[in-house]
Every structure is written in structure tokens, then in C-alpha cells.
Amino acid sequence: MNSSHTMMRAQDYIALEDEYGAHNYHPLDVVIERGQGVWLYDVDGRRYLDFLSAYSAINQGHVHPRILAAMVAQAEKLTLTSRAFRNDQLPLLYKELADLTGYGMSLLMNSGAEAVETAIKLARKWAVQVKGIPRDQAEIIVFDGNFHGRTVTVISFSTEPAYRGDFGPFTPGFVAVPFGDLAGVEQAITPRTAAILFEPIQGEGGVIIPPPGFLAGLQRICRQHNMLLIADEIQTGLGRTGRLFACDYEDVKPDVMILGKALSGGFYPVSAVLADPSILGLFTPGEHGSTFGGNPLGAAIAREALKVLIEENMIENSARMGEYLQEQLAEISSPHIKEVRGKGLLVGLELKASTGGARRFCEALADLGILAKDTRQNVIRFAPPLIIDRETLDWALERVRTVFQKL
């Protein structure tokens, strides 16, 4: 088997995947074998700059040595106990999350979507127990263009027809309003409204940045109407936008914070819901859980992933490099480019509708050694690991300019 494995080339892996794997993704046809820092290497020996960072899960860079060491050390001792028993890593992660974020309590899950589901359950429980909304009546306000995951409840409030398709019937209890529209939020509130669930920047929606004051406005509305403000910072959080949280730009502290992706530096699925005990303390034993949630391996990895993010000044670097990247992209003169927008190293380059979509630009970039991803047809998302330096950005920008001169 080993000898045949070494003989395989990219097209062989692609053929296997297409034959035996469900076709629920449409990846670029590069087959990655290993990663180091900001670089990826394919099975044919080509090197690429990672300009997606696994949708911000790889903020700390690929195979960060400190996180790897923490993972290996823990894996040699203990990987899983379930939450039927306690372990010696989870309490330390709880405390370190509280110290870092200022939230008094957290609940650990695995995937981002699981954390969103947890926050929805929490908001509904709070609605009944604290706000006094009758059981099964609570409503949550969400936004057009949102992306919070792929579970049936989460797609129930997606406004993207492709995500909903044949997957109904859907979970009730959600009201969608235009992103950035505070007046629309006010109009959607009823006595049954329990919470507002939002992304500070809609990443999957095309790196859509709301108008200034929007997040602060949401916080004000929630306080006025006794509602929970729930931030999904799975993609924007942990340094991606040049602050610990994107909400920090408006000095907003949501009642509930949802984290995932970079919480483990890309080594393992780890997600978290953070809130104060007056909210998260409402859960009682047996009401929610996950076999792998809060496992010692995930907890040890997350502890180190958070430490390197802070100790290696990745958040400050994201702010500096992001500003430079946006400035340079904005100077590219091309009839195809409509707008460059972003915060920190979460940057969207929107193409005019007449260009025929962003995918061919991503394919052309891949040919020149840059891996980026199109979203919402016309947007190229640039989101390299937060460890990237100016020299590497210049290398990338040269190739981005070349693509826009050619296409």
C-alpha cells in the first residue's frame, strides 16, 4: 500500500475523492499534503501561500510547534473521558478563557455549529426562566446574509436559498432583518423576542461590514428591551480582525460570545459559548452536552492555542498587516474590481457582477501559488494566518496584481 501511495499524483486523489466521497464541496483541485506556517505543499511538491486559513481556524499558522507539542504531550496521557468524569485540562481552560475574555463561565463543544446550537438553546432557556416568555414561544432576531453553520435549525434562519433547498421542514422561532438596519431590528421586536444573534462582520456572506455604530446600537436595543445580545465570532474572533474580538471595535461586550475555529489553532474541533453565570448557569445537568465536548485533548490544545495567539503578538500583527494588505489591494487598478473591504486580516475583494464570478480568479491565483476562496459568487476572501509578514504579503500582492492584469 505504501509504495502505491507514493506513486499517486493529484489527479489520482481527486478521482478517488470524487468517486467515494459525497459531493458536498466544490474544492479547488489542489491536493495538500503538509503545511508549515503560512505555506502549504501539495502532493506534487508545489508550494502555496494559504490565503484562507481554513476559514480562520489556522490563525496561528499551520502546525504551530507549541500547539503541536501540547497536543502530542496530552495525547500520550489522556484524550477522552467524556463528561461523566472530570479531567485536569478543562478546568484550566475555563479559567484561562475567563481571564482572557472577562466572561465568568463557558461551555465547551466541538464544531462551530454545535456552539451556535448551544447558544440558541441557552437563549430559549433564558427566555422562559428569566424573561418569562411562555414555553415554545421565544423568537430570535437574525440577519439577512447570515452564516452560522449547517444544522437544520441553523439553516432554518439562513436567507440563502442554496443552503435551505430540500432540507425542510424548518425550525421556527427566527425573524430575519437586513444586516446593518437598526430600525428594522426595532420593528421586528415583539414581547416574545428573546435575543439577537449576529456576526460582527459577515464572513461567508462576502466580508460584509455593517455601518459604524451598528454593534453598539444592537447592544443598546438589547438593554432597552431586556434581550440577550449573542455574537457569533467563530470566524471573526481571536485576532482575525486585528482585535481579540471584532466587537471590541465598538467597545461592545455581548451577553453571549460564540467561539470556534482558531480556538484550537486548527488542530482539533473545539468551540465554546461564553457568558456570565447568570446566563450560562441556567443549564442544569442533563439538559445539554456532547461526548467529546470539553475533552482533555481539545482543552490542552485550546489552552496553548490561546497562549501563542497572545504571547506571539498575533493580534497586533493582524491589525498592522491587514491595514497594509487593504491599502495595497485598493491601489490595484482593474475594471473587474468593485470594492476592497475588511478589518485586520479578514479582507474581501468584491468583483463587479459583469466579471462572471470570482472562481476563475481563485483558480488563476492557485496557478501562481496562492490559495484563496470565492464566496457569494463575486467576492474573493483574503485571510492569511495572522503570523504573515510584510515580505510574504508583498510576494502575494505581486501575484494578485498579475492575475488582475491578465484576466
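Within the range 136-219, which helices (runs of 4 or more DSSP H) (wholly inside it) include 2 or more residues that are aliphatic (A, V, I, L, M) and closer than 21 Å to Val256 by Cα?
Per the criteria, 152-156, 182-188.
Is it true that Ile310 is surrounded by fewer than 24 Cβ atoms within 10 Å (Cβ to Cβ), among the aliphatic types (A, V, I, L, M) and part of a loop (DSSP other than H, G, I, E, B)?
Here the answer is no, as Ile310 does not meet what is asked.
Of (1) at pLDDT 95 or above; (2) over 30 Å from Arg124 (Cβ atoms), Ser290 satisfies all except one. Which?
Tallying (1) at pLDDT 95 or above; (2) over 30 Å from Arg124 (Cβ atoms), Ser290 fails exactly one: (2).
May I ask you to list pairs of residues, at least six apart or on different chains, whose Cβ atoms are under 7 Å apart, with the first in the range 63-89 being charged (D, E, K, R) and the second being modelled with pLDDT of 95 or more and in a loop (DSSP other than H, G, I, E, B)?
From residues that are charged (D, E, K, R), the pairs are Arg83/Gly289; Arg83/Gly293; Arg83/Gly294.
How many of the residues in the range 93-134 are assigned to a helix (DSSP H, G or I), hydrophobic (A, V, I, L, M, F, W, C) and either in contact with a Gly (Cβ under 9 Å, 6 or more places away or on another chain) or farther than 22 Å from Ala57 by Cα (or both)?
12
Is there a residue being surrounded by 16 or more Cβ atoms within 10 Å (Cβ to Cβ), β-branched (Val, Ile, Thr) and under 30 Å from Val400 (Cα atoms) anywhere in the range 276-287?
No: zero hits.
State all residues of the range 360-382 that are closer than 20 Å to Asp42 by Cβ and touching a Lys or Arg at 6+ places or on another chain (Cβ under 9 Å); if no residue qualifies, say none.
Cys362, Ala364, Leu365, Leu368, Gly369, Ile370, Ala372, Lys373, Asp374
Select, from Gly342, Gly348, the only residue that is at pLDDT 95 or above, within 19 Å of the chain's Cα centre (by Cα) and either closer than 19 Å to Leu244 by Cα or among the hydroxyl-bearing types (Ser, Thr, Tyr) (or both).
Selected residue: Gly342, the only one of Gly342, Gly348 that is at pLDDT 95 or above, within 19 Å of the chain's Cα centre (by Cα) and either closer than 19 Å to Leu244 by Cα or among the hydroxyl-bearing types (Ser, Thr, Tyr) (or both).
Taking the conditions exactly as written (in a helix (DSSP H, G or I) and either crowded, with 16+ Cβ neighbours inside 10 Å or within 22 Å of the chain's Cα centre (by Cα) (or both)), does Leu386 satisfy them or not?
It is false that Leu386 is in a helix (DSSP H, G or I) and either crowded, with 16+ Cβ neighbours inside 10 Å or within 22 Å of the chain's Cα centre (by Cα) (or both).
Among the residues of the range 200-215, are any closer than 30 Å to Ala75 by Cα, in the same structural domain as Leu93 (by TED's automatic domain parsing) and either out of contact with any strand residue (DSSP E or B) (no Cβ under 7 Å at 6 or more places or on another chain) or not β-branched (Val, Ile, Thr) (or both)?
no
The values are calculated or read from the model by the stated rules, or taken from the named source; none is laboratory data. The structure displayed is predicted, hence computed values, not measured ones. Glycine gets a Cβ as well: all are built from the backbone with ideal geometry, and neighbour counts include every protein chain shown.
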